[in-house]
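I have placed the structure first, in the form of structure tokens, so that the comments after it can refer back to it.
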Amino acid sequence: MRRYLWTLPITITIVRQTNDGEETHAQHVCCEQVCSIAAMVAAAAPGRMARRDANDQTRVALVTGGCVGCHGGDGSGGHGIPKIAQTMTRAEFVAAMKAFRDNQNNPTVMNRIARGYTDEEFALMAIRWAKPQ
């Protein structure tokens with residue numbers, strides 16, 4: 001069985017100010033490296049990024065950033081990818097994600113993706129994607 005890992009090319013531009021002026025460096029990185037960079041930034045600013053407030057929109061955006069690659073920024077899906085925005089209650093959304101993680105739903109790529117998330121992160125995803133309460 002072949003498995004494919006698709007990553008999007010991302011360019012991060014690092015600008016360093018020197019005494020002589022500005023130097024600009026560009027570097028291509030993969031999605032995993034972007035996630036690592038985001039984790040380092042979160043660890044470096046614990047008072048701002050690592051808060052445990054469930055309604056912290058920064059944390060919601062970080063956790064749901066991976067969803068938009070397939071489901072779109074508005075969660076509408078398309079081209080065989082299901083709509084996830086406002087199709088379930090928060091409890092239903094969390095239950096569906098846990099079922100993916102536990103291989104209880106149809107075997108799709110989601111059962112592999114969901115393994116990387118905690119229950120708390122599923123709850124944060126539900127803030128963005130579930131029906132408004």
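Laboratory data are not the source of any read-out in this text; all were calculated from the coordinates shown. The structure displayed is predicted, hence computed values, not measured ones. Glycine also receives a Cβ, built like all others from the backbone with ideal geometry; neighbour counts cover every protein chain displayed.
Of the residues F100, M110, F122, the one whose Cα sits farthest towards the positive end of the charge dipole of the range 85-128 is M110 (charges of +1 on Lys and Arg Cβ, -1 on Asp and Glu Cβ, taken about the Cα centre).
Computing FRET efficiency as 1/(1 + (r/R0)^6) for V68 and Q133, where r is the C-beta to C-beta distance and R0 is 30 Å, gives about 0.85. Available extension along the chain between T89 and N106 is 4.1 nm, counting 0.36 nm per residue and deducting the alpha carbon span.
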